[in-house]
Amino acid sequence: EERSVLLLLVLMQSGALCARRFRGGRNPQPRRAPPSPTHRADRGDTTESFPLDFTAVEENMDNFMTQVKNLAQSLYPCSAQKLDNDMKLNFLKNTSVTCNDGTPAGYYLKESRGSRRWLIFLEGGWYCFNKENCDTRYETMRRFMSSSKWPHTKTGTGILSPLPEENPHWWNANMVFIPYCSSDVWSGATAKTEQNFYAFMGSLIIQEVVKDLLNKGLDNAKVLLLAGSSAGGTGVLLNVDGVAELLEGLGHTGIQVRGLSDSGWFLDNKQYQCTDCGDTASCAPTETIKRGFKYWGAVVPERCRQTHEGEEWNCFFGYRVFPSIKSPVFVVQWLFDEAQLTVDNIQLTGQPVQEGQWRYIQNLGTELRNTLKDVPAMFAPACLSHEISGTSLPRALHCWDRSLQDNRNNKAPPKACPVHLIDSCPWPHCNPTCPTIRDQFTGQEMNVFQFLMHMGFDVQKMAQQQGMDPSKLLGMLSSGS
């Protein structure tokens, strides 16, 4: 408690100095110093004072720390005047680890001096699995295969944002963004040679980034969160234990390694309609991964490899690899993921969906929900979307963070702070907080009722399935509840 009081007093003093410096606007003109050569700051000057409620320390520590947090966040705009929030590009020291075309791999870094929390984010962006579609990818999506035109700086958004209002629980962490230039779901370990026209070194890139960061403060870290979206989310599942083992092997046993996998939990299910396997969007998920696994020279977690020996490609599917993962992982997955529906050959634009397609979509949500039932920390809304959005997710991540700390300290988990959040309603966008859907042709927003009608939703049949009166269901949909 004494330490907390000291922290608040330090913040108060910083606030007073900040208030004086920036009074009168965000960009005031500097004051001219008086001509006296002996001028120095007068320590006896009066300063603004801030009320300190010591009863918060004595009676309710949580409220007291809330005051500290609020004060710190109110001071943040002041300190931001002196900070450069952009992440800076760094190329790997080990130049033998490269992007697909042999250009150097790298990462963007924004250091947060004094913070012992680090966030490493793996970018997503599909993949290619043979020379033909990799050639096409190189012509049309070159930034996912080459670093030749990467910008020198990058501004973080979402969980990489340095702004407290946008990123309330990780804004002051050391931020690392690793661009995706290996096209292998962060799994490959194959160099570019005369025989191999492209390099696939995704797993090695992650390892080399971690090694480089040890000389930039990661060696003093308390928590390292390996996060990623889409292919990057699958990359988290494939690499989080490898990162933990690397750090432990280098003697950094005190760093708590965790994972956050967003929209990377794919199913190896059968497509609605089978098609020729020409590219990643038309092939069945199992077929593309089988081909890619061999083409990339992929590496999967050892425990999963032993479980699926001879069919190691199974480890690319979340529900198959998750039981073998030792590190804590938080899973974010839409129950009706657009990328999953795409590879399953379900198109939700143009004509209303047929009854068979509608049943397939509902069954997909049920299948995905079943594969997630044993995941202790997860956020799975019944939305038709891909990658993170929504307001309750930051709180769920905060609750997860607290529960991990409490487990380490042998404390009971916090009350009213759930970490296993999954929708039970059976159709896409039945959760009114889902992201807005727009008509592909008109660009106009559609509410839940309009969207479901567009998809050929049968109110009578669905009400019967749910044991509800059709008029009541219609009213609920129309009101968005």
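Structure values in brief
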| item | result |
| --- | --- |
| Criterion: over 19 Å from Val97 (Cα atoms), touching a Gly at 6+ places or on another chain (Cβ under 8 Å) and at pLDDT 95 or above - qualifying residue of Leu237, Leu250 | Leu237 |
| Selection count where residues are of a type in the set (Ser, Thr, Tyr) and open to solvent by 20 Å² or more (accessible area, probe 1.4 Å), scope region 176-224 | 2 |
| Any hit, region 257-269, residues being crowded, with 22+ Cβ neighbours inside 10 Å, modelled with pLDDT of 95 or more and among the aromatic types (Phe, Trp, Tyr) | no |
| Region 371-416, residues that are modelled with pLDDT of 80 or more and either open to solvent by 50 Å² or more (accessible area, probe 1.4 Å) or more than 17 Å from Val329 (Cα to Cα) (or both) | Lys373, Asp374, Pro376, Arg395, His398, Arg402 |
| Residue check for Gln347: open to solvent by 70 Å² or more (accessible area, probe 1.4 Å) and at pLDDT below 75 | yes |
| Filtered residues of region 142-158 (kept if within 21 Å of Ala227 (Cβ to Cβ), outside any loop (DSSP other than H, G, I, E, B) and in contact with an Asp or Glu (Cβ under 9 Å, 6 or more places away or on another chain)) | Phe144, Thr153, Lys154, Gly158 |
| Flag for Asn239 being polar (S, T, N, Q), within 17 Å of the chain's Cα centre (by Cα) and in a loop (DSSP other than H, G, I, E, B) | no |
| When residues of region 135-162 are limited to those that are within 22 Å of Ser112 (Cβ to Cβ) and free of Cβ contacts under 8 Å to residues at least 24 places away in the same chain, the one least open to solvent (accessible area, probe 1.4 Å) | Ser161 |
| Residue match in region 129-145 (condition: within 19 Å of Val300 (Cα to Cα), touching a helix residue (DSSP H, G or I) at 6+ places or on another chain (Cβ under 6 Å) and not aliphatic (A, V, I, L, M)) | yes |
| Positions within region 284-332 being within 26 Å of Gln195 (Cα to Cα) and over 25 Å from the mean Cα position of the chain (by Cα), in sequence order | Glu287, Lys290, Arg291, Lys294, Tyr295, Gly297, Gly310, Glu311, Glu312 |
| Residue list for region 66-114, filter: assigned to a loop (DSSP other than H, G, I, E, B), of a type in the set (Gly, Ala, Ser), modelled with pLDDT under 95 and surrounded by fewer than 17 Cβ atoms within 10 Å (Cβ to Cβ) | Gly114 |
| Test: residue in region 191-202 that is assigned to a helix (DSSP H, G or I) and either in contact (Cβ under 8 Å) with a residue 12 or more places away in the chain or out of contact with any His (no Cβ under 9 Å at 6 or more places or on another chain) (or both) | yes |
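The values are calculated or read from the model by the stated rules, or taken from the named source; none is laboratory data. Keep in mind it's a predicted model, so treat the numbers as computed, not measured. Note that each Cβ is placed from the backbone with ideal geometry, even for glycine, and that neighbours are counted across all protein chains shown. Calculation scope for accessible area: heavy atoms of the full protein, side chains included, ligands and nucleic acids excluded. Shrake-Rupley method; radii C 1.70, N 1.55, O 1.52, S 1.80 Å.
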